[in-house]
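The block underneath contains the structure these notes are about, expressed in structure tokens.
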Amino acid sequence: MTIRLGMPDIHRASLLLGQAFHDDPLLSYLLADPAKREHLSPKGFACILRYGVRYGEAQATSSNMEGVSVWLPPQSAHASIFKTVQVGAFSLPFSVGWRFFFRFLDYMGHVDELRKKHTPLPHWYLQLLGVEPRFQRQGHSSALLKPMLDRFDAEKLPCCLDTMNGGNVPFYERFGFKVVAESKVPKTHIGIWLMARSG
């Protein structure tokens, strides 16, 4: 059974996500230098986690925090400037760098447009799911997915996610997600797979 995270958990969860996504194609593009990526990426993840805690649900597999997920409900699935400011996203240029900030905004804007076009109905959004490398392939991703998907089925709610790792597509397909759009991260050759699941 998963546990819900609060603001005091954000620092620890952001460090976990920095490890989980260290070699992710998008993060490698946003922060090309591996040493800087290790040091700076948790600052970006902390903003995403704060948004999830404040406006959605941020969860962990257990108090040991093997894995973490961020789910956003329909009313918060598309970020507003006001909410983004509230979680400190506009301080990122000064802590992580302007190049990271503008590239991340391009990516987020592009994905938001994809979702508006291909998943127009109100839906939950799985913004983030990561497992610490030493705990990967041990069922922790499934443990983060199943309770929420069971809830969506009971409430007949659709949800969607995006991944920049094509190897993740078959995994999510096992949970009923289907690819509804394929694209590229702006100004790159990095693929984006938008996946949706009906409630």
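Values quoted throughout were computed directly from the atomic coordinates according to the rules given, and no laboratory measurement underlies them. Since the model is a prediction, treat every value here as computed from it, not as a measurement. Here the Cβ is made from the backbone with ideal geometry for all residues, glycine too, and neighbour counts use every protein chain on show.
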| note | Scanning the range 10-29 residue by residue, those crowded, with 18+ Cβ neighbours inside 10 Å, of a type in the set (S, T, Y) and closer than 17 Å to R103 by Cβ turn out to be Y29
| query | So, in the range 182-195, of the ones that are in a strand (DSSP E or B) and in contact with a Phe, Trp or Tyr (Cβ under 7 Å, 6 or more places away or on another chain), which residue ends up farthest from L126 (Cα to Cα)? | reply | E182
| message | List the helices (runs of 4 or more DSSP H) inside the range 85-181, counting only whole elements, that have at least 1 residues being within 23 Å of V53 (Cα to Cα) and touching a residue at least 60 places away in the same chain (Cβ under 8 Å). | response | 98-118, 140-155
| request: For the range 1-50, name all the residues that are without any contact (Cβ under 8 Å) to a residue 24 or more places away in the chain and of a type in the set (D, E). | output: D23, D33, E38
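Restricting attention to the range 159-191, which residues are acidic (D, E) and surrounded by fewer than 17 Cβ atoms within 10 Å (Cβ to Cβ)? Full working, then the answer.
Going residue by residue through the range 159-191, those that are acidic (D, E) are 162, 173, 182.
Within the range 159-191, E173, E182 meet the criteria.
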| query | Applying the selection to the range 130-144, what residues are surrounded by fewer than 22 Cβ atoms within 10 Å (Cβ to Cβ) and closer than 22 Å to E155 by Cα? | reply | S142, A143
| message | Give me the residue from the range 25-65 that is within 25 Å of I3 (Cα to Cα) and assigned to a loop (DSSP other than H, G, I, E, B) and, out of that set, nearest to the chain's Cα centre (by Cα). | response | G56
